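The values are calculated or read from the model by the stated rules, or taken from the named source; none is laboratory data. Owing to the predicted nature of the structure, the values given are computational and were not obtained by experimental measurement. Here Cβ is always computed from backbone atoms with ideal geometry, including for glycine, and neighbour counts include all displayed protein chains.
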Amino acid sequence: MRNQRPWFEMKKRTFSEERRATYCSEHQVVLDALLARDSEGASNAMLTLLRTVEAIFWGGNRPDGGPRVDIA
């Protein structure tokens, strides 16, 4: 998917330096938790990252009608 035109079009519509900084910061939190062997922290950080991406790409409403990212 990432090498296909729809992916590039979506990235063009949603990219900004502010969002890139957010992604980098959120990835760093995931990495820090993994390095600290904090599985709960890593899980929570990854969920935060996924929800950020979901909100930016789809405004929380997936085009395939699938559920929001939710891990119980």
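Key figures
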{"item": "Selection status of residue 40, in a helix (DSSP H, G or I) and either within 22 Å of residue 58 (Cβ to Cβ) or in contact (Cβ under 8 Å) with a residue 40 or more places away in the chain (or both)", "result": "no"}
{"item": "Complete set of residues in segment 24-42 that are within 16 Å of the chain's Cα centre (by Cα) and loosely packed, with under 14 Cβ neighbours inside 10 Å", "result": "24, 25, 27, 28, 31"}
{"item": "Matching residues in segment 43-72 - criterion: being modelled with pLDDT under 60 and surrounded by fewer than 15 Cβ atoms within 10 Å (Cβ to Cβ)", "result": "60, 61, 62, 63, 64, 65, 66, 67, 68, 70, 71, 72"}
